[in-house]
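Here the structure comes first, spelled out in structure tokens, and everything after it is commentary.
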Protein chains: 2
Amino acid sequence: MEYLLRGDICYSENLKTLICKENAYLHIKDGLCQGVYDSLPKELSSVELKDYSGDLILPGMVDLHLHAPQYGFRGTKMDLELLDWLNVNTFPEEAKYQNLDYAERGYRDFVEDLRESATTRAVIFGTLHKNATLLLMKLLEESGLVSYVGKVNMDRNSPEYLTEHTAEESLKNTKEWLSEIPKDWQNCKPILTPRFTPTCSDALMEGLGKLAKEYKLPVQSHLSENLGEIAWVKELCPDAKHYGDTYDRYGLLENSIMAHCVYTEGEELSALKARGTMICHCPQSNTNLCSGAAPIRYFLEENVKVGLGTDVAGGANLSMLRAITDAISVSKLRFRLMDQSLVPLTLEEAFCLATLSGGSFFGKVGSFLPGYEGDALVFHEKRRSVRKQTVKERLEVLLYTGEESARLQAKFVQGRQLF
Amino acid sequence: MEYLLRGDICYSENLKTLICKENAYLHIKDGLCQGVYDSLPKELSSVELKDYSGDLILPGMVDLHLHAPQYGFRGTKMDLELLDWLNVNTFPEEAKYQNLDYAERGYRDFVEDLRESATTRAVIFGTLHKNATLLLMKLLEESGLVSYVGKVNMDRNSPEYLTEHTAEESLKNTKEWLSEIPKDWQNCKPILTPRFTPTCSDALMEGLGKLAKEYKLPVQSHLSENLGEIAWVKELCPDAKHYGDTYDRYGLLENSIMAHCVYTEGEELSALKARGTMICHCPQSNTNLCSGAAPIRYFLEENVKVGLGTDVAGGANLSMLRAITDAISVSKLRFRLMDQSLVPLTLEEAFCLATLSGGSFFGKVGSFLPGYEGDALVFHEKRRSVRKQTVKERLEVLLYTGEESARLQAKFVQGRQLF
């Protein structure tokens, strides 16, 4: 498999440097980017050319945090804060996924729409139900998207209709789930998923930490999202050094994504940095649920890993383009309303978070630098502005206006063309 | 002209009450809403039925503040605060509208896209150029949308390439502009438009106040948007009681829209209330330009008139659906980050701001209550959720996800079907 994509190409080299090239060529071979060229290299003149002249070509977007079973109520029920929102809205809906018919209908919608979105890689919460989670994984495997999916663990402070009762039961279900994942799946892999500390006993955390080591599995969870949640964790785990320690003491911060971290600082941040944990920033969700605004500028200054997530259905939009501009917007309001020591994120930084930075959880993913996997998006703009615009300006318009101004017309994952 | 629209109908009765009816009938006759019925009234059985069963039918959206000549750079250049943003980005672009060819291309794009958007009524800034503004008005007149458009006035603190030099020149141009507007235009009307106090001398303000009275014209301008701007106005007008007084002392707060009011309080707010001024809240623009977050909850408690605006191109999106949810989002961050005495806006309130509340600037506009003008939108949702959803929940999804989840498939203004 070898071809060239021709068009107006944008990608991050790092947090500060966004490369934008007009009418350039991206060479993909054996699923990997080989190089981006200003003009067609002679030695590639016989390679298949996919000509998207005049269109924008970007790396695929990496959504590091979203909940598939919440897709059915996205865009509704935004009037509660986290803990009430879970009890009133989320848990009753997730419980329905015990029913495989319901799960199939819900997950088909989710996977179809995710496939048509700008997302090429995603890290996804299922429910605690083994079979529904396997079904979700099967649909994702078939979609061509690359993903991690977690069967959720929860054994305390959960409603009777959505709990695993004991750590043993939860761990047993998890091992069964892991054993039933077909060995030949290429695109969809498992990730251990303690829901969050309030619903996971120490025994369960300990068991999951051992499983992570034994099976060499990555981990995802939530951390320091909401003030009520944080106070509750303090009560539940009086001996923990900080909320993050409730994971760290069982080895669950390594090879892991922690969503939100709105209130993470001091020792908790040091622990994340020491373990190489990826913080997943979910700006729209943190706004919708009145959680707050995470100090991303501070995390970047501290060289902590950060990526972006939609957090559907705390976030309403599947669009990672929107997540990029939401990250900028929230950082501006945080700056203006609360703390002028942390300047707003730039477009270059926010774009990098959604691609190269978050993509690192998947390996060499999220850029067109040589050796990166061939995840690419082609956007066709509905019209060009009366102004002469640079490629970077057109990218900005796309990020700020999304479906209002452009259509995703081709999508590549690991070099494979999805449409 | 008489017909019925059938579908799932939502409209505001007031700020607190949003009516949502499944499979209902909206009766429109002679351009006015006659009533909404749960079932087809016998006496209307022979009236033409436009059947949009299963689709959402909403009142047309009222965008109270946007800048047509800035449409060409929407979604770009968001890294400066107001005063620098005007000098670096806005003034050079507006200056191009002296060229009628350029103006025609830019304004055609703007009017076409506005026509295809959810907006049925708009209050729009042009540039200071008389002929380009007349051209914009002609295109809007032909579009079928209902609008007010202003030729901008600016006679000080403006670049040499975009100024009217003296109050006399500015007033003379304004009178010529008014005299050249064809008398038979039905849809597009003039509105006096002092840009804002920094660029308008007292003599100009005084002259515009007299013109407003003499010609019985409404007024639009900007007020208390940004901290740097407010400090500058204090320097420029040391004798004014507050920024709002720089308009009020010349009668320019009556029958007027003041955009932003991010920092309006105390005597300034009392003046707006006393004059019946409409505050236009532009949440996305105030975020993008780091201006701040207006205390809309407080304005509503004080019974001041409030509507919504996109403020293109301080705002990037033409979509008033997005403006509704941006208003909610910004109020949540303001609540969480800054001031917990003002609770976030509800969906009912924000929806009302964009329709009934802002619509009052145009008369009985923005609702389906009997006697209101027949402005209606029909949205077709791409899919229904696996969850059973109420009509109100489907409306929420539409507002939060916009083009991601639905297509505007029919649009009516004053009873006339645009498409």
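The values are calculated or read from the model by the stated rules, or taken from the named source; none is laboratory data. What you are looking at is a predicted structure, and each value in this text was computed from that prediction instead of being measured. All Cβ positions, even for glycine, are placed from backbone atoms using ideal geometry, and neighbour counts span all protein chains on display. Heavy atoms of the whole protein, side chains included, go into the accessibility calculation; ligands, DNA and RNA do not. Shrake-Rupley method; radii C 1.70, N 1.55, O 1.52, S 1.80 Å.
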Sites B:Q409 and A:K213 - FRET efficiency at Förster radius 51 Å, r taken between beta-carbons, to 0.05: 0.40
Chain B - percent relative contact order, Cα under 8 Å, separation 6 or more: 20 percent
If the label for A:D84 sits 7 angstrom from Cα along the Cα-to-Cβ line, what are its distances to the same label in every other copy, in nm to one decimal, shortest first? 4.1
Rounded to the nearest 5, what is the percent of antiparallel bridges among the DSSP beta bridges in the protein assembly as shown? 45 percent
State the extension gain, in nm to one decimal, for the chain segment bounded by B:W185 and B:V343, taking 0.36 nm per residue of separation less the distance between their alpha-carbons. 52.5 nm
Among DSSP beta bridges lying fully in the range A:61-362, give the percent that are antiparallel, nearest 5. 0 percent
What is the angle, in °, between the Cα long axis of helix A:130-143 and the longest principal axis of the Cα atoms in chain A? Nearest 10 is fine, range 0 to 90. 0 degrees
Where does each of A:180-186, B:232-238 land if you order them by average Cβ count within 10 Å, highest first? B:232-238, A:180-186
Contact-by-burial set, the range B:44-90, min loss 20 Å², accessible area of protein heavy atoms with 1.4 Å probe, reference chain alone, gives B:G72, B:R74, B:G75, B:T76, B:K77, B:M78, B:E81
Ascending list, in nanometres, of distances separating the A:E169 label from those of the other copies (7 Å, Cα toward Cβ): 8.2
Helix-only mean residue ellipticity at 222 nm for the protein assembly as shown, each DSSP H run of n ≥ 4 adding -39500 (n - 2.57), per residue, nearest 500: -9500 deg cm²/dmol
Simple spin-label estimate for A:E302/A:E267, 7 Å along Cα→Cβ, in nm, reads 1.4 nm
How much length would be gained if the chain were fully extended between A:K388 and A:A274, taking 0.36 nm per residue of separation minus their Cα-Cα distance, in nm to one decimal? 36.4 nm
Compute the distance from the alpha-carbon center of the range B:391-418 to that of the range A:330-369, in whole Å. 32 Å
Go through B:Y11, B:L49, B:G31 and say which Cα lies farthest out towards the positive end of the charge dipole of the range B:1-64; charges sit on Cβ, +1 for Lys and Arg, -1 for Asp and Glu. B:Y11
Spread of Cα-to-Cα distances over 20 Å intervals beginning at zero, given as percent, for the protein assembly as shown: 16, 46, 32, 6, 0
Longest principal axis of chain B (C-alpha) makes with the long axis of helix B:320-337 (C-alpha) an angle, in degrees to the nearest 10, of 70 degrees
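In the structure shown, do any of A:K96/A:K210; A:K77/A:K138; B:K151/B:K210; A:K175/A:K213; A:K29/A:K392 have a Cα-Cα gap over 21 Å, and if so which?
A:K96/A:K210; A:K77/A:K138; A:K29/A:K392
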Using alpha carbons only, how many degrees (0 to 90, rounded to 10) separate the axis of helix B:202-215 from the longest principal axis of chain B? 40 degrees
Along Cα-to-Cβ, 7 Å out, sits the label point; list in nm, shortest first, how far the one on A:P238 is from those in the other copies. 6.4
Where a Cα-Cα gap under 16 Å defines reach, which aspartates and glutamates qualify for A:K42, not counting those fewer than 8 residues away within the same chain? A:E2
